[in-house]
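Nothing in this text is a laboratory measurement; each read-out follows from the coordinates by a stated rule. Everything quoted here is computed from the prediction, not taken from an experiment. Methodologically, a virtual Cβ is constructed for each residue, glycine included, from the backbone with ideal geometry; neighbour enumeration extends over all protein chains shown.
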């Protein structure tokens with residue numbers, strides 16, 4: 001270990017220090033971005049309670065007044081100019097479905113991808129330098145090629161990490177809305193049968209709870225206040241969430257409005273269908289549970305059981321044959 005440290009040149013020491021400094025700055029920038037998101041989340045949640053959040057934010061309206069967000073916007077501004085309008089619209093829709101449209105703009109998201117790519121490349125070089133320090137490997141052409149490969153792999157992984165995280169957040173938010181939807185449909189049916197209007201019931205639900213579904217209902221009410229028709233507001237609601245159950249419920253409401261049929265009776269059947277779909281999803285997850293538990297049991301639990309049960313017998317057998 002001492003010989004390996006002695007063989008390192010001044011360039012290796014400076015490169016290691018530079019990589020460590022770059023990694024520290026990248027982590028600090030990410031921490032500032034996360035703090036910015038938390039501050040905007042508190043502000044947007046307060047605005048959403050009063051239905052004052054806009055439903056179609058512009059690319060630059062999501063982040064203002066924070067150093068980390070400004071850096072991310074500067075990094076993403078160049079990528080926005082080189083990205084097609086359809087791709088920018090797709091990113092904006094993904095941010096809407098993930099519930100991050102009020103906290104993260106398109107420029108900030110693209111800048112975050114750049115920062116993640118740089119952090120991944122720096123992390124790959126840092127791992128290579130650390131391995132050379134521990135193993136005492138001499139610098140050479142092979143180490144240089146390995147460093148380039150690690151930089152490319154780390155940069156690619158970092159660049160792909162934000163979209164994957166965004167997709168995961170969108171799935172979790174859509175699943176939460178699907179879980180809350182049957183109860184909300186039951187409340188709608190009971191309230192409509194009691195003589196209340198549809199929008200009044202939606203406002204009642206939005207005021208009594210704070211969850212992803214009620215946030216979208218507040219945006220629906222904000223759309224109505226801005227002059228949109230019920231059909232347009234419901235279609236925008238379905239587009240923001242991407243929820244199949246909510247799409248079926250909105251289609252039933254739109255159809256009942258156009259045909260003039262009883263909305264309570266239509267929603268009663270829709271609520272029963274949502275309950276049945278929720279039961280089917282629960283049964284499907286229950287059937288998948290044994291398969292998912294198989295790998296932890298085989299890899300983690302069974303070896304420990306074998307050691308505890310068979311270990312003493314093996315030790316006794318070795319002591320007997322050894323004696």
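Peptides 107-117, 289-299, 90-100, ordered by how many other C-beta atoms sit within 10 Å of their residues on average, highest first, read 107-117, 90-100, 289-299.
The orientation-averaged shadow of the Cα convex hull for region 176-278, equal to a quarter of the hull surface, comes to 5.8 nm². In this structure, residue 171 and residue 307 have a Cβ-Cβ separation that, at R0 = 45 Å, corresponds to a calculated FRET efficiency of about 0.75. Find how many whole Å separate the alpha carbon centroid of region 103-134 from the alpha carbon centroid of region 239-281. After rounding, the separation between the Cα centres reads 45 Å.
Here 283, 235 are placed in order of increasing Cβ neighbour count within 10 Å, fewest first, which gives 283, 235. Distance between the modelled labels on residue 230 and residue 199, one decimal in nanometres: 0.9 nm (7 Å Cα→Cβ projection). Residue separation of residue 131 and residue 153 scaled by 0.36 nm, minus their Cα-Cα distance, works out to 6.3 nm of gained length. Annotation for residue 210 and residue 160: the two label points, set 7 Å from Cα along the Cα-Cβ direction, are 3.8 nm apart.
Per-residue packing, averaged as other Cβ atoms within 10 Å, sorts the ranges 148-157, 162-171 into the order 148-157, 162-171, beginning with the highest.
Extension gain for residue 280-residue 81 works out to 67.1 nm (0.36 nm per residue, less the C-alpha to C-alpha distance). When peptides 211-220, 261-270 are ranked by their average number of other Cβ atoms within 10 Å per residue, the highest-first order is 211-220, 261-270.
The modelled label-to-label distance for the pair residue 71/residue 319, using points 7 Å beyond Cα in the direction of Cβ, is 6.1 nm.
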